[in-house]
1. Would you mind checking the pairs Lys180/Lys202; Lys17/Lys72; Lys17/Lys67; Lys141/Lys202 and listing those with alpha carbons more than 18 angstrom apart?
2. I'm a student and want to see the number: the projected area of the Cα convex hull of segment 2-78, averaged over all directions, in nm².
3. I need to check one value: relative contact order of the chain, counting alpha carbon pairs closer than 8 Å and at least 6 residues apart, in percent.
4. So if each residue of separation counts as 0.36 nm, and I subtract the Cα-Cα distance between Asn193 and Thr95, what length gain in nm does that give?
5. What does the extension gain come out to for Lys202 and Ile6, with contour length at 0.36 nm per residue minus their alpha carbon separation?
6. Could you work out the relative contact order of segment 103-207, using alpha carbon pairs under 8 angstrom and six or more residues apart, expressed as a whole percent?
7. Given 0.36 nm per residue, what is the gain on full extension from Gln209 to Thr65 after removing their alpha carbon distance, in nm?
8. Among Val192, Val153, what is the fewest-to-most ranking by other Cβ atoms within 10 Å?
Amino acid sequence: MARAMIANTLSCARLDKIFDQHAGHQYTGDLLFSAVADLMGEAVLRIQPSVNTAWLDRKDEIRVTVKSVYDKLKGIQIDVSRALVQETSGRMRATMEQLGNPAAPLVAGYRTKIVDGNHLRRADRRIGELRKLNGAPLPGKSLVVLDSQLRLVIDVLPCADGHAQERSMLDQLLPTVEAKDLWIGDRNFCTVNFLSGIVNRKGEFLIRQHGNLPFEAKGRRK
């Protein structure tokens, strides 16, 4: 039953629809987005050691060259990646709520969302001189939002600049704040605009204060 629900949520038709709605300049052609996602999934889950190996195992079914597969991967826009997480997590949330979620809210009366930045690790396929250096150019980063009650990643904001700060992406995150949200984050998310934006949207926050924030707490703590 679990496998059937996951297969329904991540069906080829749904994945290709997400791509068609958010791809922008990229087109489907002879290689479906769902086929590329399937190959990548095998590599990510270590069913296959690489996308190339996954393609070799299924090249008669895929019927395009491995270069076409990698070109498709390189061309996928970050809007597609974000929409994939948002829409599939929405369906998973609905399924979990129908089945009954045993976990209690982290804070009663609030939907707690934990946000953090994630750097993509140094890549093995960079030029040899840079492969062992953590400080070398990073391939990318993202902001990831976790629903603590569902234990489900509900949003991701990819960024092609691996050295970008979390603060540079907060304008994209703020529109997702909803009433009765409780946002938890580290001091990188402690900016006047972000905190006031959460409050203006009827949410709350539990964020470590940054030393440069020009305010002090007043009144009795509660």
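Only the coordinates and a few stated rules stand behind these numbers; no lab work does. If you're wondering where the values come from, they're calculated on a predicted model, not measured in any experiment. A quick note on method: Cβ atoms are made from the backbone with ideal geometry, for glycine too, and the neighbour counts reach across all protein chains shown.
1. With Cα atoms farther than 18 Å apart: Lys17/Lys67; Lys141/Lys202.
2. Values: hull surface 21.5 nm².
Result: a mean projected hull area of 5.4 nm².
3. The normalised contact order for the chain reaches 14 percent.
4. Length gained, Asn193 through Thr95: 31.8 nm.
5. 67.2 nm
6. Numbers: 182 pairs, mean separation 27.9, N = 105.
Over segment 103-207, the number comes to 27 percent.
7. 46.7 nm
8. Val192, Val153
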